[in-house]
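In what follows, a single structure is set out as structure tokens and then discussed.
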Amino acid sequence: MASVTPEIRAIYWDIGGVLLTNGWDHKERARVLQQFAIPRDEYESRHEEANDRWERGELSDEEFLKQTVFFKERSFTPEQFIQAVREQSNWLPGGAKNVIAALRKNNGLKMAMLNNESGPLNDYRIATFGLAEYFDGFFCSAYLGMRKPEPRMFRSGAAMLHFQPEECAFIDDRDKNCAAAAGVGMHAIQYKGEEALKDALRALGVELR
């Protein structure tokens, strides 16, 4: 007897690369480093480990910047640098804003953010772009102390809204995160544009009004 696909009761969303531009990825870093005349290799040699801890909530903004930028005297302030970081955020051209707005009208479907971000930047993006209008849960790496693609990030996100992974869809632009979500039982969709997303959701039985 053929298996029956469980009803999708919740959709979990990555933010950068799906709804908004990325918060602090390589393109955003390149622009800000150029703005402040910081050599790219000087910053990047310090970025990876500090960024991992920043996005896990282990470092404050001040501590992160002290390790990556302000390890020596600068002609600008941490506040000016953080403001420049925040200014990189915009609605993603060709992003899924229209899809999520349509889904929000389906009151029986829960939706949540599931993203890797530092806490203050995450909160800034939620407030600036009115993301609280769309989501019932906000599962940010900095507040959970774990990052995608760790499997427990996906299991925890589902459990905190009292769903089984099989009842959840997950949308992300990165294949490694989709693979990790699928590995715990979620229905993973790699974001490749609005129309492709609509088709993938309909294939899961998700109604778009």
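Here is a yes/no grid of residues against (1) under 21 Å from residue 135 (Cβ atoms); (2) among the charged types (D, E, K, R):
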{"residue": "23", "(1), (2)": "yes, no"}
{"residue": "53", "(1), (2)": "no, yes"}
{"residue": "60", "(1), (2)": "no, no"}
{"residue": "68", "(1), (2)": "no, no"}
{"residue": "72", "(1), (2)": "no, yes"}
{"residue": "82", "(1), (2)": "no, no"}
{"residue": "94", "(1), (2)": "yes, no"}
{"residue": "97", "(1), (2)": "yes, yes"}
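Among the residues of the stretch 19-57, just one is touching a Gly at 6+ places or on another chain (Cβ under 8 Å) and exposed (fewer than 14 other Cβ atoms within 10 Å of the Cβ), namely 25.
Counting the residues of the stretch 110-160 that are farther than 18 Å from residue 19 by Cβ, in a loop (DSSP other than H, G, I, E, B) and either polar (S, T, N, Q) or touching a Gly at 6+ places or on another chain (Cβ under 8 Å) (or both) gives 1.
Taking the criterion of being farther than 14 Å from residue 121 by Cβ and either touching a strand residue (DSSP E or B) at 6+ places or on another chain (Cβ under 6 Å) or in a loop (DSSP other than H, G, I, E, B) (or both), the residues of the stretch 20-73 that qualify are 36, 37, 38, 39, 58, 69, 70, 71, 72, 73.
The rows are residues; the columns are (1) touching a residue at least 60 places away in the same chain (Cβ under 8 Å); (2) outside the structural domain of residue 55 (by TED's automatic domain parsing); (3) among the acidic types (Asp, Glu).
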| residue | (1), (2), (3) |
| --- | --- |
| 95 | yes, yes, no |
| 98 | yes, yes, no |
| 105 | yes, yes, no |
| 113 | yes, yes, no |
| 117 | yes, yes, yes |
| 124 | no, yes, no |
| 132 | no, yes, no |
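The values are calculated or read from the model by the stated rules, or taken from the named source; none is laboratory data. The shown structure was predicted, so the numbers you read here are calculated from the model rather than taken from an experiment. All Cβ positions, even for glycine, are placed from backbone atoms using ideal geometry, and neighbour counts span all protein chains on display.
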